[in-house]
Amino acid sequence: MFKHILVPTDGSPLSVDAVVRAVSFASEAGARITFFCAVQPWPKMYYGEGAIFDPHLPASFREAMQCTAEDVLHDAVRRAREAGVDCDKLTLVSEEPYQAIIEAAKRSGCDLIFMASHGRRGVKALVLGSETQKVLTHSCIPVLVHRSEA
């Protein structure tokens, strides 16, 4: 049914659990996976007159964020390859991770987004919101939400 699955991951325990389940799902379905990690951009800052700013900080920040994303994706790719699942990886820079997830799915030609539930319930979920909820609300591509028992 599904042939190409986007699996967003941020390296959190809930996300890693979803990666494991997505690899199993893809293996059974004969699908391939694109693992995705959204990279936060350099935060917007406003400086007053006389502010001191190191011009190397934005580049250092980008490099650190990209390295972290690559580490997270490397682990996911390793898991998929060990299971014999064809996979690729992708990162996009975005202030809104849910928008980047949807864009990554479109760019990669995915027919399913397989992602973790945020794990919050009740008032916390209502107040804090959820990238998963935003993807569910805005995506035209089907979304499978994995709720971990952890």
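Data table
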quantity	calculated
Tally of residues being among the aliphatic types (A, V, I, L, M), open to solvent by 60 Å² or more (accessible area, probe 1.4 Å) and within 15 Å of LYS106 (Cα to Cα) across region 135-150	1
Residue that is charged (D, E, K, R) and either in contact with a strand residue (DSSP E or B) (Cβ under 8 Å, 6 or more places away or on another chain) or open to solvent by less than 40 Å² (accessible area, probe 1.4 Å) (or both), where the choices are ASP71, ASP86, ASP75	ASP86
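The values are calculated or read from the model by the stated rules, or taken from the named source; none is laboratory data. None of these values were measured; they are calculated from a predicted model. Neighbour counts are summed over all protein chains in view; Cβ atoms, including those assigned to glycine, are modelled from backbone coordinates with ideal geometry. Just the protein is used for accessible areas: all its heavy atoms, side chains included, with ligands, DNA and RNA removed. Shrake-Rupley method; radii C 1.70, N 1.55, O 1.52, S 1.80 Å.
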